[in-house]
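A short write-up of the structure that comes next.
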Amino acid sequence: MHEMKNKNHKKSKFIVVEGIDGSGKTNACQIIKHKLDKNQIKNIIVREPGSTPLSEKIRKIIKNHCPYETLHQKTLLLLIYAARMQLIKNKIQPSLKKNIWVIADRHDLSSLAYQGGGFKINKKHIFFLKKMIVGKLTPDLTIYLDIQPKKALHRILFRNQLDFIEKKNLEFFIRTRNMYLKMLSKINKKIFINANLKINIVHHDIINQFTEWLKKYK
Ligand code: Z5A
């Protein structure tokens, strides 16, 4: 479990927001940030892959890789973990040490869901990288936004440009969601949100559940 104590024994928290594309993670991160700001808790939002200069470069490669060369799934896996390493060492850990809470738009569970579930990479390989790169850093809270893949695809199709993962078919996202649900059943510290519902209902659910959590763990 992550818990970094500073000299005053204050504990910073590592909060991760997860879900398939179009589940509303970006909005959820803003809601959490707003709540923490109101409680005068210093915080930052990071996104994966990305959020350091080098990790953002890796993100660009991942999202717009050369159209004339196949990006192999294991290359993608390595790029994601390279970006994660930079983010953990250069941003997440230093922030937590300074008692700044970190809200992450995706983290390691995304790799199990997308690479393990969607792309069917052997989970043994993913766990090997997880152990090497992520080590003992574990979210204090995982907020999972659950949405039917058909509905999520409908939402992302409204956007202008789709990246190569977003161009995947429905079966890919069904496998990804199934892996999320499977892995989530092993996680205790979580909030489960039904993200199929109308946006204002989803927002209320996030605020209510997060407020309850905050009362207990702040
Ligand atoms: N990836 C991976 O494969 N393995 C990994 O380990 C990691 C990542 C870390 C990151 O790209 C890609 O990298 C991602 C997985 C892969 N896949 N792809 N492609 P990204 O950061 O661009 O993608 P994303 O993380 O999925 O973000 P997103 O597509 O923008 O989804 P979102 O943040 O969950 O959704 P949103 O932007 O908050 O909402 C989407 C739209 O739906 C937006 O117009 C909202 O206004 C709307 N929305 C949200 N909620 C609702 C409700 N309740 N009703 C109606 N409309 C709504």
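The values are calculated or read from the model by the stated rules, or taken from the named source; none is laboratory data. Quick caveat, the model's predicted, so the values are computed rather than measured. Cβ atoms come from the backbone with ideal geometry, glycine included; neighbour counts cover every protein chain shown.
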(request) Go through (1) surrounded by 18 or more Cβ atoms within 10 Å (Cβ to Cβ); (2) touching a Leu at 6+ places or on another chain (Cβ under 9 Å); (3) closer than 20 Å to ILE187 by Cα one by one and return the number of the condition PHE173 breaks. (result) (3)
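Is it the case that some residue within segment 40-54 is part of a helix (DSSP H, G or I), more than 8 Å from the ligand (Cβ to nearest atom) and at pLDDT 95 or above?
Within segment 40-54, one or more residues are part of a helix (DSSP H, G or I), more than 8 Å from the ligand (Cβ to nearest atom) and at pLDDT 95 or above.
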(message) I'd like the full set of residues that are closer than 19 Å to LYS216 by Cβ and at pLDDT below 95, limited to segment 1-39.
(response) MET1, HIS2, GLU3, MET4, LYS5, HIS9, LYS10, LYS11
(message) Give me the helices (runs of 4 or more DSSP H) completely within segment 72-184, filtered to those with at least 1 residues that are farther than 27 Å from LYS11 by Cβ, ordered by residue number.
(response) 73-87, 123-129, 149-157, 170-184
(request) Take the residues in segment 18-32 that are touching a Phe, Trp or Tyr at 6+ places or on another chain (Cβ under 9 Å) and of a type in the set (D, E, K, R), then tell me which one is farthest from the ligand (Cβ to nearest atom). (result) GLU18
(message) I need a count of the residues in segment 142-165 that are modelled with pLDDT of 95 or more and either closer than 16 Å to GLU48 by Cβ or in contact with a His (Cβ under 7 Å, 6 or more places away or on another chain) (or both).
(response) 4
(request) Look through segment 113-151, keep the residues that are near the ligand (Cβ under 8 Å from one of its atoms) and closer than 22 Å to LYS63 by Cα, and return whichever of them is surrounded by the fewest Cβ atoms within 10 Å (Cβ to Cβ). (result) PHE119
